[in-house]
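Notes to accompany the following structure.
The values are calculated or read from the model by the stated rules, or taken from the named source; none is laboratory data. Bear in mind the structure is a predicted one, so any value in this text is a computation, not a measurement. All Cβ positions, even for glycine, are placed from backbone atoms using ideal geometry, and neighbour counts span all protein chains on display. Each accessible area value is taken on the protein alone, full model and side chains, heavy atoms only, with ligands, DNA and RNA left out. Shrake-Rupley method; radii C 1.70, N 1.55, O 1.52, S 1.80 Å.
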Amino acid sequence: MKRFLCTLLTGTMCVGLLSGCGGKENGDTPEPSSPTQTGQEGQTTQGADLSNIYNGELEQNVTIRVLENDTAIAEGYFQELINAFNEKYAEYGIVAVDANMDQYSNLADDGPYGYGPDVLYQANDSLMKYVEGKHIYPIPAQSLESYGQISQAAWEAYQTTVNGAEYTMGVPVNVQSSMLYYRKDMLPENWETEWDKNGNKIPDMVENWSDMYRYSKEIVDKGEGKFGYMRSMDDVYFSAGYLFSYGAYVFGDNNTNADDVGFSKGNAQLGANVILQQASLMNEDCIDNSITVNAYSKLADGTYFATMTTPDVYSLFLKELVLVYEKEGMSKEEATAKAEENLVITDVPKLPASGDLTEENPELIPLKAMGGINGYAISAYTKSPNACLAFVEFATSYDMAMKRNQYLGTVPAREDAAQTAGGVSEIIYKNLDEGNVVVMPSIRAVEQVWTPAGTFFQDLAKDAFRTSDKKYSSAEQIQKGLEAVDKQIYDAIHTLAAE
């Protein structure tokens, strides 16, 4: 695994350099609760002296409010995390608690009024939007035990440069990207002789989208109300990968230049055509988020053969399948064992280079899936930055990375934990290293991407159910639709900037 190597830049740049915004109503960073004495040597993070924030002395008898992922809370991981942390730091009177807020709460709205969390866990695009308004503190990354274990690509998702100095604004916890979920017991009985052309003991329909399309058609044509591959197509996180695979991108210059919007670039229309073809074998639930919501139960009851989503929700699929088997009369242990055998999570299939799922014996290319780096950031409104840093250090330790993986199936951002976890973690790390995971941009402009792109994908999926009024019946029409998306995103970004 490649390591993140950086050169320490000299100087004592303070956090105020992170934004030109002024005034508290604009999210001005408050003074640290425990400023250091003049001249005290502080921890550094890519050129920034952060001793005015972190003085190395834990604040005592304080409560840290932590905003965590809803799934981590529901599955019990978060409770175990804070219990372990609170036990370790009991002598200091430091207590971590659930911030008891929606996982998508906006720190920029809540923080200035004292309602925000002290520590927050979100994806890189969500956390990095807080940089411009100085709503989060830089992190002394090199002082952390996890620093040398986290990959370059993961750290880069949390970096920003101001006046030539690099700052790290969050600590990676896990890597998110697309994975294929399918039911092993719904494979055809003859798959080993008829659906394994290369003889590698892996069913063809889970290795490439062309065979998945063919198998989905067989299932639908039986008229039993069942489907093969199913996915909500309006979800940009999953649908955009088809465009990326044929040369599209979000922003230019490695996702840093919002003047260059690239959903229509390269041969992106080929990827859009794949989406259109897939939707033709689904029902109208694929137009909106219906499949996103019902995939857990529909995969469990056998209505769906396969879907695509992130690895951190494996436990939710498993739970639903266990319930189905228990209703059939199995004990909890028997149901769990059978569910673990039949619920398979694997790499996403490859695409035909032509973009035509009906092509016989196509040349195959990797799917470049959109991904994200989930991590922790520290609120600039906290009165306990040192205690918060201690929490982040504890939460990103090897032991907690492994527990998160065991509870949730997440892919650790730590290489040592990922290697121990194996399986899915190894797959995603390989894809990340080979450039087949496209990490979401870490600039504020990405906020303007989701609505225009999602609306287009929704309209594209809807076209599979139109009759005489089809909008995307040719490559030219698809290309025109993609170009309109680029323009809408560009206009939204620059209208916002003008305001």
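With a 1.4 Å probe rolled over the protein heavy atoms of all chains, the accessible area of S379, S105 falls in the order S105, S379, largest first. In a simple Cβ point-charge model (Lys, Arg +1; Asp, Glu -1; nothing else charged), the range 77-163 has a dipole of about 220 debye relative to its Cα centre.
With a cut-off of 8 Å between alpha carbons and a minimum separation of six or more residues, what is the relative contact order of the range 96-161 in percent? Relative contact order for the range 96-161 comes out at 28 percent. Each of K332, K265 has its accessible area taken with a 1.4 Å probe; listed largest first, they run K332, K265.
Solvent-accessible surface of the chain, taken per residue with a 1.4 Å probe and all protein chains present: 42 Å². Rounded to the nearest 5, the antiparallel percentage of DSSP beta bridges internal to the chain is 70%. In the chain, a dipole from Cβ-located charges (positive for Lys and Arg, negative for Asp and Glu) runs towards its positive end, and of G409, Y229, N436 it is N436 whose Cα lies farthest in that direction.
Based on C-alpha pairs under 8 angstrom that are at least 6 apart in sequence, the range 108-248 has a relative contact order of 12 percent.
Of A395, I291, Y376, which is farthest towards the positive pole of the chain's charge dipole, taken about the Cα centre with +1 and -1 on the beta-carbons of Lys, Arg and Asp, Glu respectively? Highest projection toward the positive end goes to I291.
The C-alpha atoms of the chain define a longest principal axis, and helix 332-342 lies at about 70 degrees to it.
Figure note: E326, E189 ranked by solvent-accessible area, largest first, 1.4 Å probe, ligands and nucleic acids not counted: E189, E326.
In the list (i) 25.7; (ii) 29.3; (iii) 24.1, the label attached to Kirkwood radius over Cα pairs in Å as derived from the coordinates here is (iii). Taken about its Cα centre, the range 129-190 carries a charge dipole of roughly 160 debye when the Cβ of each Lys and Arg holds +1 and the Cβ of each Asp and Glu holds -1. For the range 43-184, the percent of C-alpha pairs falling in each 5 Å distance bin, counted from 0 to the bin holding the largest distance, reads 2, 8, 15, 18, 22, 19, 9, 4, 2, 1, 0, 0.
What does the C-alpha gyration tensor say about the overall shape of the range 354-494? Classify as rounded when a/c is under 1.5, otherwise prolate if a/b is larger than b/c, or oblate.
oblate
Taken as Cα centroids, the range 254-307 and the range 425-499 sit 11 Å apart, rounded to the nearest whole angstrom. Estimated at the nearest 10 Å², the accessible area of S473 is 90 Å² with a 1.4 Å probe. Mind checking the range 339-443 for GluC sites (Glu not before Pro) that DSSP puts in a loop (not H, G, I, E or B) and that have at most 15 other Cβ atoms within 10 Å? The qualifying sites are E359, E360, E363, E434. For the chain, the longest principal axis of the Cα atoms and the long axis of helix 475-498 meet at an angle of about 20 degrees.
Here the accessible area of the chain is 47 percent carbon and sulfur, with a 1.4 angstrom probe and all protein chains present. When the Cα gyration tensor is reduced to axis lengths a ≥ b ≥ c, the ratio a/c is 1.5 or higher for the range 232-384, and with a/b not above b/c it is classed as oblate. Using the structure shown, list the pairs from K298/K403; K298/K327; K368/K462; K201/K338 with a Cα-Cα distance above 19 Å, or answer none. Cα-Cα > 19 Å for K298/K403; K368/K462; K201/K338; rest within.
Evaluated with a Cβ-only charge set (Lys, Arg +1; Asp, Glu -1), the range 299-370 carries a dipole of roughly 220 debye about its Cα centre, given to the nearest 20. Computed over the chain, relative contact order equals 23 percent, with contacts defined as Cα pairs under 8 Å that lie 6+ residues apart.
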